[in-house]
Each structure stands twice: as C-alpha cells, then as structure tokens.
Amino acid sequence: MNAANRGKKRIAWYRSPLATADLARLNQRSDRRGLTQALGHLALLAVSGGLAWHAAQHVHLFVALALITLHGALWAFLVNGFHELCHKTVFKTPALNSFFRNVYSFLGCYNHVSFWASHQAHHRYTLHPPDDLEVVLPRELTLRSYLSFALVNPRGLWLRWKGILLLSLGRIDNDWERALFPPEASEQRRKLFNWARALLFGHGLILAISLWQGWYLLPILTTLAPFYGGGFQFLLNEAQHIGLSDEVSDYRLNTRTILLNPLLGFLYWQMNYHIEHHMYAAVPFYHLAELHRLVRADMPAPARGVLGTWRQILPILRRQQREPGYQFVPELPV
C-alpha cells in the first residue's frame, strides 16, 4: 500500500457489547501477573535447556535429542509473549514491559520494531489486503510445510537471518516493510536497523563464545532454538484466522477462539481467546478468560482443544482446494 494513503481507510468493526466499568477493570495491568508469566516462561526454557545440556553430557544422545526437541517446542511459544509485550499490556510499569520485550525479541531473533508496525496494521485492518499483509487468506497448509516447523526449519532460519543481515546494512528488501517504513520515516528506520544490528552482534557473540569455550550446544539451545520443534505452537498460531473470511468487519467471522487447558493457555499466553483479543486489544492477556465469559453469549461456539480445532479446520481447507473462493462462516448468536 502506498505510504501516503495509509491510515485513511477506516473499518467500523463490530465489538460485542461490554459494560464500561467491566472494560475499565479488564484494562488494568499488573506487574505481579506480568512477572509471573514472563519469568515463568523463561524459567521453563532454562529448565528444558539445562536438561538437554545435562543429557548431552551425561546420559544418551537420543535422550538429549528428545529434550532438545522439547526445548524447541517450548521456545516456539516465545513469539506469543513477544506479541503481548509489543502490545505493551503485560506490565503496569512501562520500563518492565520494554525490558522483557527486548529480552523476548532477542531470544526469538525477532525485530520488535518491524513486527509492531506490521501488527498495528493487522489489528486495524484485519484480513483487509493490501492494508493487512501480515495475514492473507486463503492460507495453504501442506504436510511438508508443517513438518519444517515441527522438525527442523532451515528455510525459516535462512530467511530470518537474511532479513536481519539486510536490515543491519540499512536495506529493506520487501514491499510490506517498504510500505511500513517509507524513506520519510527516518527515526523508525533508524530503530529498525539498530535492533537488527543488536541481534546480529548479540547472537554473533553467543556463537563466538561457544566456539572459544567449546560449548557447541549453546547456540543450538539459543540462536537456533526458534527453528526446530515448533510444530505444536504452529498448530495453535495458524488456527487464529485460517479458513475464515477476509474483508468483513466482524472479528467473529475472521478470527477463531479456542478453549485450551491451563498449561497450554499459559504457554500460549492466552492467545487462544483470539476473537476477544482483536475486539479489545488493550485488555491484558491474563484478563482474556474473564472477557470471554462476559461476551461469550454474543460469540460463535468456540473450538475445543487442538485436535477439536483442526477437526474443524481440515475439512474447510479440503473444500477450499476444490472451491478456491470458499470461506467458512461461523454461526453467530441470533
């Protein structure tokens, strides 16, 4: 989209009615709850990484490989914490939010400057191309593409680090980022390039220390961790919009809410309540379950669990292969 035209389009989004007092209460942020989640997730990664390291040194190669895969599966959910931290709703104290956003950005090899510019457009223009190119429907899912996320994703590694390298050199190589960061946005471009340089320097330092000390597993458990074992997280993230309708003004028709058990809800940073998140994006993730209870009478029936969700999605994808224009429309309350 031409940068000069961005922001002129307005979509009158439908939002389920919510009392002003309830919304004000749900919008309240908590440093305690933010720290519990952010540190809890990082602690899980420390434990899984430590177990993998110990197994590689003292147990058996196959046990170590299994634990490394588990570590990658847990690491993949960093993107959901990163997403929430970019929304700036996790902590009441802004400095805490910025600190953990940078930590999660670094560990996941993400550029928070690029992501937030794209994600604001995604929320404002959800599934209305060309204003939202973060998610474009229909999305095609193949077994090969899924296995690359579930096992090892060398293509994702190459594309991520190629993008980081180009940005560190002050080069923007795709149309979406060029639209988000036009030449006149010099300050944002500076932040974009500088964070890419920080990623390059920091992960280069990890690699150098690993080679110097002979800690060959360290980059596998850090720099390379976003690129293996992410199949389970992929199934959840991909379910957010896949198979639904684009170019509508009702989040209930283009976004999917899923009911998960508490452990998966924790790992996923409650992004299973995805319709609610889009309707009221300022509500912190730890209040989304309560928000869901308040508005569920106005919602389509939620999918239940990962298996239940994909039992709904796979027939939609098969039909879309036969009928490319087909989009599933959930039944809404009368």
Quick check on this structure: which one of Leu253, Leu264 is under 18 Å from the mean Cα position of the chain (by Cα) and modelled with pLDDT of 95 or more? Leu264
Which pairs have Cβ atoms under 8 Å, sit 6 or more apart or on different chains, and link a residue in region 244-268 that is surrounded by fewer than 21 Cβ atoms within 10 Å (Cβ to Cβ) to one that is among the charged types (D, E, K, R)? Leu259/Arg304
If we scan region 169-186, do we find a residue that is modelled with pLDDT of 95 or more, open to solvent by less than 40 Å² (accessible area, probe 1.4 Å) and either among the basic types (Lys, Arg) or farther than 30 Å from Ala282 by Cβ (or both)? yes
Regarding region 112-126, can at least one residue be identified that is in contact with a Ser or Thr (Cβ under 9 Å, 6 or more places away or on another chain), open to solvent by 20 Å² or more (accessible area, probe 1.4 Å) and closer than 18 Å to Leu180 by Cβ? yes
Only residues that are in a helix (DSSP H, G or I), touching a residue at least 24 places away in the same chain (Cβ under 8 Å) and more than 11 Å from the chain's Cα centre (by Cα): list them for region 74-104, please. Leu74, Trp75, His87, Leu96, Asn97, Phe100, Val103, Tyr104
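Would you say Leu200 is open to solvent by 30 Å² or more (accessible area, probe 1.4 Å), without any contact (Cβ under 8 Å) to a residue 60 or more places away in the chain, assigned to a helix (DSSP H, G or I) and touching a helix residue (DSSP H, G or I) at 6+ places or on another chain (Cβ under 6 Å)?
yes
Can you confirm whether Phe328 is crowded, with 19+ Cβ neighbours inside 10 Å, aromatic (Phe, Trp, Tyr) and either without any contact (Cβ under 8 Å) to a residue 60 or more places away in the chain or touching a Ser or Thr at 6+ places or on another chain (Cβ under 9 Å) (or both)? If you could, list the steps in order and put the result at the bottom.
Details: crowded, with 19+ Cβ neighbours inside 10 Å: no; aromatic (Phe, Trp, Tyr): yes; either without any contact (Cβ under 8 Å) to a residue 60 or more places away in the chain or touching a Ser or Thr at 6+ places or on another chain (Cβ under 9 Å) (or both): yes.
No: the conditions fail for Phe328.
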Filter result (within 19 Å of Phe285 (Cβ to Cβ) and buried (at least 17 other Cβ atoms within 10 Å of the Cβ)) within region 97-111: Asn97, Phe100, Arg101, Tyr104, Ser105, Leu107, Gly108, Tyr110
Return yes or no: is Arg139 more than 22 Å from Ile164 (Cβ to Cβ), among the charged types (D, E, K, R) and part of a helix (DSSP H, G or I)? no
Which pairs have Cβ atoms under 8 Å, sit 6 or more apart or on different chains, and link a residue in region 175-192 that is without any contact (Cβ under 8 Å) to a residue 40 or more places away in the chain to one that is open to solvent by 50 Å² or more (accessible area, probe 1.4 Å) and not in a loop (DSSP other than H, G, I, E, B)? Pro183/Arg189
Only unsatisfied item for Leu147, checking (1) in a helix (DSSP H, G or I); (2) surrounded by 15 or more Cβ atoms within 10 Å (Cβ to Cβ), is (2)
Scope region 269-324; condition free of Cβ contacts under 8 Å to residues at least 60 places away in the same chain, charged (D, E, K, R) and part of a helix (DSSP H, G or I); matching residues: Glu276, Arg293, Arg296, Arg311, Arg318, Arg319, Arg322
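Just to check your reading of the model, which residue among Leu61, Leu42 is modelled with pLDDT of 95 or more and open to solvent by 10 Å² or more (accessible area, probe 1.4 Å)? Break it down into steps so the answer makes sense when it comes.
Working: Leu61 fails: modelled with pLDDT of 95 or more.
Unique residue meeting the criteria: Leu42.
The values are calculated or read from the model by the stated rules, or taken from the named source; none is laboratory data. Just so you know, these numbers come straight off a predicted model, no measurement behind them. Heads up, the Cβs are rebuilt from the backbone with ideal geometry, glycines too, and the neighbour counts pull from every protein chain shown. Areas reflect the complete protein model, heavy atoms only, side chains present, ligands, DNA and RNA absent. Shrake-Rupley method; radii C 1.70, N 1.55, O 1.52, S 1.80 Å.
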